[in-house]
1. Can you find even one residue in the range 150-163 that is crowded, with 18+ Cβ neighbours inside 10 Å, within 23 Å of GLU98 (Cβ to Cβ), within 16 Å of the ligand (Cβ to nearest atom) and aromatic (Phe, Trp, Tyr)?
2. If we keep just the residues of the range 219-230 that are more than 13 Å from the ligand (Cβ to nearest atom) and under 15 Å from PHE244 (Cβ atoms), which is surrounded by the fewest Cβ atoms within 10 Å (Cβ to Cβ)?
3. If we scan the range 143-165, do we find a residue that is within 22 Å of GLY235 (Cβ to Cβ) and of a type in the set (Asp, Glu)?
4. If you take the residues in the range 178-189 that are of a type outside the set (Lys, Arg) and out of contact with any helix residue (DSSP H, G or I) (no Cβ under 6 Å at 6 or more places or on another chain), which one is nearest to SER214 (Cα to Cα)?
5. Report yes if some residue within the range 177-194 is surrounded by fewer than 16 Cβ atoms within 10 Å (Cβ to Cβ) and near the ligand (Cβ under 10 Å from one of its atoms); otherwise report no.
6. Just give me the residues in the range 5-37 being charged (D, E, K, R) and either out of contact with any strand residue (DSSP E or B) (no Cβ under 6 Å at 6 or more places or on another chain) or within 16 Å of the ligand (Cβ to nearest atom) (or both), in sequence order.
7. Given the residues THR203, THR242, THR175, which is the only one that is of a type in the set (S, T, N, Q), over 22 Å from LYS4 (Cβ atoms) and in a helix (DSSP H, G or I)?
Amino acid sequence: MARKKFIAGNWKMNTTVEEACALAKGVVDTVGNVSDVDIAVCPPYTNLSAVYEIIKNSNVKLGAQDVHWEAKGAYTGKVSCAMLKSVGVTYVIVGHSEQRQYFGETDATVNKKVKAVLAAGLLPIICVGETLEERKGGKMDAVIERQVRGAFEGLSVEDTLKCTIAYEPVWAIGTGETATPKQANDAHVFIRGIIFKLYGDETAGAMRIQYGGSMKPDNAKDLLGQKDVDGGLIGGAALKATDFAGIVRPV
Ligand code: PGA
């Protein structure tokens, strides 16, 4: 089965509400009618509602950058799945390396978040990837396998099929350093192999695996042309509508 490409923009901690609206308009104007690629933008929490109003009649979907796994209560600073759903969110990024690196995200909290997202009827984008130290130390495969197994622990086939995985080598995020198309594809094949071991052929074949890490219009075509690269999770280049559009429609 052919996997439909999926390009998501991770705006990280960028954009005021005015900037977010301008960017969202630019995305709708350039790629809002695209239907052969799934597209999402993931603005900061404060801009979700405003961006939703702009994209809601287009093919661009709304994503959030994180979520808390609890349904509600005394968790100052946190946002629940129901809250995200109530403002039009479809996708939720879980386990981004910046969350793992700076905010104490672990494989166990990733798993709790993935389960909460699925239980709410939302779709997780699960980030995995090795640091440069881990790659150089020959630990890359073990790290990725631990992250993937951790994220999917206890998930049914049905739920697994609702997930997207984003392979984001930490050394390539925001550094201008990109994995070569072969490095990316090799990692994707490895990740698909883990899903195969856990869930079998059909699920592994259907799983979309995005690449993330300095993807830009001028390297997107080569990366997205790889057999096992099913899309991209775009940081820096998602902050300019024309660059984002150049990744959705690489030339
Ligand atoms: P980048 O970020 O495209 O700026 O490298 C990707 C990401 O962290 O999702």
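Read the figures in this text as sums done on the coordinates, not as results from a lab. Just so you know, these numbers come straight off a predicted model, no measurement behind them. Positions of Cβ are generated from backbone atoms using ideal geometry, with glycine treated the same way; all protein chains shown enter the neighbour counts.
1. no
2. Looking at the filtered set, the residue picked out is LYS221.
3. Our first condition is that a residue be within 22 Å of GLY235 (Cβ to Cβ); within the range 143-165, this holds for 143-144, 147-148, 151, 163-165.
If we keep only those that are of a type in the set (Asp, Glu) too, we end up with none.
No, the range 143-165 contains no residue that is within 22 Å of GLY235 (Cβ to Cβ) and of a type in the set (Asp, Glu).
4. Initially, the range 178-189 is screened for residues of a type outside the set (Lys, Arg), giving 178-181, 183-189.
This time we only want the ones that are out of contact with any helix residue (DSSP H, G or I) (no Cβ under 6 Å at 6 or more places or on another chain), so: 180, 183, 185-189.
Values: THR180: 11, GLN183: 14, ASN185: 15, ASP186: 18, ALA187: 16, HIS188: 17, VAL189: 20 Å.
Among them, the one singled out is THR180.
5. Scanning the range 177-194, I find at least one residue that is surrounded by fewer than 16 Cβ atoms within 10 Å (Cβ to Cβ) and near the ligand (Cβ under 10 Å from one of its atoms), so the answer is yes.
6. Residues of the range 5-37 charged (D, E, K, R): 5, 12, 18-19, 25, 29, 36.
If the condition is that a residue be charged (D, E, K, R) and either out of contact with any strand residue (DSSP E or B) (no Cβ under 6 Å at 6 or more places or on another chain) or within 16 Å of the ligand (Cβ to nearest atom) (or both), then LYS12, GLU18, GLU19, LYS25, ASP29, ASP36 are the ones that fit.
7. Details: THR203 fails: over 22 Å from LYS4 (Cβ atoms); THR175 fails: in a helix (DSSP H, G or I).
That would be THR242, the only listed residue that is of a type in the set (S, T, N, Q), over 22 Å from LYS4 (Cβ atoms) and in a helix (DSSP H, G or I).
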